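Report on the structure given below.
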Amino acid sequence: MKELKGGVCAAKGFFAGGIRCGIKPSSQKKDLALIYSDKPCSAAAVFTKNIVKSASVVVSAENVKEGKVRAVIANSGNANACTGEDGMTAARRMADLAAGVLGIAPSETAVASTGVIGVKLPIEVIEKNINALKSSLRADESGNADALEAIMTTDLRKKETAVEIEIDGKPVRIGAITKGSGMIHPNMATMLSFITTDAAIDSLALDLSLRRAVKNSFNRITVDGDTSTNDMVVVMANGEAGNAQITLSESNYYDIFTDALEHVCTALARMMARDGEGATKLVTVKVKGASREDAAEILAKSVVSSSLVKAACFGADANWGRVLCAMGYSGAGFNPAGVSVSFKSGAGEIKVCDNGESVPFSEENAKKILLEEEIEIIINLKDGNGEACAWGCDLSYDYVKINGDYRS
């Protein structure tokens, strides 16, 4: 697998752009993005499981049903959620506007929004600037960069990646951009993620591939335990690579593609966890030796979600009792007397618990390990072959500062 630059524009036949149209009136940053394939696409998407859904989620879910979406229009600065019929009208109008300038059907267009909930979307500024948005489209790194800037809200780090793999003797590319920093929790995290690929793959195989990738990546991250109203991951595949079409019956090609898609999604998930609002550290929880993979996943998520564990990571406190406590209320069955816990980072690794009890360790060395920007909590249950990872961040003073005045 070869790492590439270019994000969503790394795949052949895809264009991206972004402009400032005034949805964020007090900001000079871009706030409207467009991603487009000049060829028809197979498409798939995964959406938030929050029963309070933004208008953009509802419209996009309707449009992606046929698996033919080839464009995404997205705004930041306004979630267009809890806005009633006006919100639905605005979301459908966004799809109509993008489709009109691109010469495609509105049903081939996904709509995404992110920002403050409960505020009506100023659709008139999007109408006024839709031609400028189309003119911003580029099939290069600058187009990708403009689109990425336009979907960011409280993000401090840019989140993009692209890879190239070989399928049927042809180079196949997958590229992606993501926004997400706060309201991050599984099913899905508060995020918008747009993925492009020039692979030839049918919509059923693409849908199943995306769902597996999301399960093992975006659904294993947390920042603060909140799942948003607007979350979506959309993948579009235009077949420009010229490979033999990937289907479920061609399992070898399917597995190669899905492994690469999961790699892309995992990279973006880690970037989101590292950029959690106010975060100073990326925290990875690895559970191994579980009776089953699903039990390991439940335990990893519980530990990485614990406010007390997150606070201890911020303070570089080797308080391993909080780890076992979070495991104990996770709902997954395990033998507490068989658990070992270690902390690991670039500064080394130290075991702090074995067989469910404390072991002698140097508090000074543990603190050095936990002061690093990327730390791991490694848990061994010694009960089977099940294993899973989950990603999160520490809980700092700045999280409250950022969210205490989010609307101001």
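The values are calculated or read from the model by the stated rules, or taken from the named source; none is laboratory data. Every value quoted in this text rests on a predicted model; they were computed, and no experiment measured them. Reconstructed Cβ throughout: ideal geometry from the backbone, glycine too, with neighbour counts over all protein chains shown. Ligands, DNA and RNA are stripped out before the accessible areas are found, and what is left, the full protein with its side chains, is counted by its heavy atoms. Shrake-Rupley method; radii C 1.70, N 1.55, O 1.52, S 1.80 Å.
Annotations for the structure displayed:
- Test: residue in the range 345-358 that is aliphatic (A, V, I, L, M), assigned to a strand (DSSP E or B) and crowded, with 16+ Cβ neighbours inside 10 Å: yes
- Condition check for Glu124: open to solvent by 70 Å² or more (accessible area, probe 1.4 Å), at pLDDT 95 or above, not in a helix (DSSP H, G or I) and not hydroxyl-bearing (Ser, Thr, Tyr): no
- Residue within the range 361-373 that is closer than 22 Å to Ser291 by Cα and buried (at least 19 other Cβ atoms within 10 Å of the Cβ) present: no
- In the range 96-117, the residues that are within 23 Å of the chain's Cα centre (by Cα) and either in a loop (DSSP other than H, G, I, E, B) or crowded, with 24+ Cβ neighbours inside 10 Å (or both): Thr109, Ala110, Val111, Ala112, Ser113, Thr114, Gly115, Val116, Ile117
- Some residue of the range 61-70 being in contact (Cβ under 8 Å) with a residue 24 or more places away in the chain and under 26 Å from Ser27 (Cβ atoms): no
- Members of the range 331-347 that are touching a helix residue (DSSP H, G or I) at 6+ places or on another chain (Cβ under 6 Å) and among the polar types (S, T, N, Q): Ser345
- Within the range 275-286, the residues that satisfy the criterion of being touching a Phe, Trp or Tyr at 6+ places or on another chain (Cβ under 9 Å) and either open to solvent by 30 Å² or more (accessible area, probe 1.4 Å) or of a type in the set (A, V, I, L, M) (or both) are Ala279, Thr280, Leu282, Val283, Val285.
- Taking first residues from the range 369-385 that are within 21 Å of Gly346 (Cβ to Cβ) and of a type in the set (A, V, I, L, M, F, W, C) and partners that are open to solvent by 40 Å² or more (accessible area, probe 1.4 Å) and in a loop (DSSP other than H, G, I, E, B), the Cβ contacts under 7 Å between residues at least 6 apart in sequence or on separate chains come to Ile369/Ala347.
- Extreme residue, farthest from Asn380 (Cα to Cα), among residues of the range 287-305 that are open to solvent by 40 Å² or more (accessible area, probe 1.4 Å) and acidic (Asp, Glu): Asp294
- Options Ala295, Ala260, Ala241, Ala316; residue that is in a loop (DSSP other than H, G, I, E, B) and over 21 Å from Glu372 (Cα atoms): Ala241
- Here Leu268, Leu324 are screened, and the one residue that is part of a helix (DSSP H, G or I) and open to solvent by 10 Å² or more (accessible area, probe 1.4 Å) is Leu324.
- Of all the residues in the range 245-263, those that are open to solvent by 70 Å² or more (accessible area, probe 1.4 Å) and touching a helix residue (DSSP H, G or I) at 6+ places or on another chain (Cβ under 8 Å) number 1.
- Tally, over the range 327-337, of residues that are within 25 Å of the chain's Cα centre (by Cα) and in a helix (DSSP H, G or I): 1
- Filter pass, Ser302 being at negative phi and touching an Asp or Glu at 6+ places or on another chain (Cβ under 6 Å): no
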